[in-house]
Amino acid sequence: MLDPHVLAFIWAFLIAVAVFVYVCLDGFDLGIGILFPVMPRKEDRDVAVNSIAPVWDGNETWLVLGGVGLMPAFPLAFSIILPALYLPVILMLLALVFRGVSFEMRFRAANETQQKWWDRAFSWGSYVATFCQGIALGAFVQGIHVENNAYAGGWWDWLTPFSLLTGLALVTGYGVLGACWLLWKTEGALHDRARHQAGSMMAVLLCFILVVSVTMPFLQPAFAARWLGFPNIVLAAPVPVIVVALAWLYFRAVRDADQHGLWADAKPFVLALCIFLITYVGFGISMYPHIVPPSVTIWQAAAPASSQIFLLVGAVVLLPIILGYTGYVYWLFRGKVRAGAGYH
């Protein structure tokens, strides 16, 4: 039998990976809704929606794995985190449902006026879902008040200047992913507009990353010790250097995307994901080994080893299936999306 400490680490890693994959995949299709207000032409909105139509609902599979997987693998963490974040989580889920309905109904609207209202609903749902995810992230990072293995904070503890900051940062980040996706998948005026948006929004996102990174060490003493103490500061020093290098490559890639080559158009999206990855790793370094900062570790919150082994068997079976059909769908619908072609 695997050591319980190893099992807990494996499950923490799987959940962290699932959350990151969700951010990457659902991030760009939420980003499409975020960019809707700057798409005045109906034809552009149709192309943008058609570019994500085959994949958007499958992308949310990873939210189920990352969020719901927390309950059986780390029941103590689930019982603490959910009460602390009830309102933003409920609003996020309602917005995702509202957005999903709007996605389908816009194609079945009786006239252009009705479709505009469904487009607004699709955009509003994308903004609310993304903003609530960012707020939940910020509230989680700044720490949750725990007493006797239970949430001991107030109803509005999640609402702070830092959580609002991370909410705005995530809206910008998903907007970057949406712009990069359109840059990759579209042509013509929509492609050119996405190229400009990808550059300007990334500049704003980097400012958010800088502010959040500077603020985090002051949220909890453990963060400051982990990043600023010796020798950790030496080990952490490459992280901002890597972000700067990736940002430089990203802006070059966005500039070169007007060449309309397949790799030239895809490169900004890949580099944006790399920037997301390195910032996510930075969050992980700050959090580890706590699953409920600043007091509950992954081993304290873990389910019994027998339960985690049972769950791991299911994950070993299901994960290749999920990865397989996800990869197949993306391969099947590869290439550019053109006006007049879609899935109605």
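The values are calculated or read from the model by the stated rules, or taken from the named source; none is laboratory data. Just so it is clear, the model here is predicted, and its values are computed rather than measured. So basically every Cβ, Gly included, is an ideal-geometry build from the backbone, and we count neighbours across all protein chains shown. Side chains included, ligands, DNA and RNA excluded: accessible areas come from the protein's heavy atoms. Shrake-Rupley method; radii C 1.70, N 1.55, O 1.52, S 1.80 Å.
Does residue 268 satisfy being open to solvent by less than 10 Å² (accessible area, probe 1.4 Å), in contact with a Leu (Cβ under 8 Å, 6 or more places away or on another chain) and touching a residue at least 40 places away in the same chain (Cβ under 8 Å)?
Details: open to solvent by less than 10 Å² (accessible area, probe 1.4 Å): yes; in contact with a Leu (Cβ under 8 Å, 6 or more places away or on another chain): yes; touching a residue at least 40 places away in the same chain (Cβ under 8 Å): yes.
Taking the combined requirement at face value, the residue satisfies it.
Could you please tell me which pairs satisfy a Cβ distance under 8 Å, a separation of 6+ or placement on different chains, a first residue in the range 62-82 that is farther than 15 Å from residue 93 by Cβ and hydroxyl-bearing (Ser, Thr, Tyr), and a second residue that is at pLDDT 85 or above and open to solvent by less than 60 Å² (accessible area, probe 1.4 Å)?
Partner pairs satisfying both residue conditions: 79/150; 79/151.
Tell me yes or no: at least one residue of the range 205-224 is open to solvent by 60 Å² or more (accessible area, probe 1.4 Å), farther than 30 Å from residue 40 by Cα, outside any helix (DSSP H, G or I) and modelled with pLDDT under 95. Let's see the steps before the verdict.
Here is the first cut: in the range 205-224, the ones open to solvent by 60 Å² or more (accessible area, probe 1.4 Å) are 207, 210-211, 213-214, 218, 221.
Adding the requirement that they be farther than 30 Å from residue 40 by Cα leaves 210-211, 213-214, 218, 221.
Subsequent filtering for residues that are outside any helix (DSSP H, G or I) retains none.
Scanning the range 205-224 turns up no residue that is open to solvent by 60 Å² or more (accessible area, probe 1.4 Å), farther than 30 Å from residue 40 by Cα, outside any helix (DSSP H, G or I) and modelled with pLDDT under 95.
What is the one condition in (1) modelled with pLDDT under 85; (2) buried (at least 17 other Cβ atoms within 10 Å of the Cβ) that residue 228 does not satisfy?
Unmet condition: (2).
State whether the residues of the range 108-120 include one that is among the polar types (S, T, N, Q), farther than 23 Å from residue 328 by Cβ and within 19 Å of the chain's Cα centre (by Cα).
Start the filter on the range 108-120 by keeping residues that are among the polar types (S, T, N, Q), which leaves 111, 113-115.
Now restrict to residues that are farther than 23 Å from residue 328 by Cβ: 111, 113-115.
Next, only the ones that are within 19 Å of the chain's Cα centre (by Cα) stay: none.
No - not one qualifying residue is present in the range 108-120.
Any idea which of (1) more than 17 Å from residue 251 (Cα to Cα); (2) more than 23 Å from the chain's Cα centre (by Cα) is the one residue 294 doesn't satisfy?
With (1) more than 17 Å from residue 251 (Cα to Cα); (2) more than 23 Å from the chain's Cα centre (by Cα) applied to residue 294, the lone miss is (2).
Has the range 73-85 got any residue that is more than 20 Å from residue 19 (Cβ to Cβ) and open to solvent by less than 40 Å² (accessible area, probe 1.4 Å)? Reasoning before the result, please.
Residues of the range 73-85 that are more than 20 Å from residue 19 (Cβ to Cβ), as a first pass: none.
Scanning the range 73-85, I find no residue that is more than 20 Å from residue 19 (Cβ to Cβ) and open to solvent by less than 40 Å² (accessible area, probe 1.4 Å), so the answer is no.
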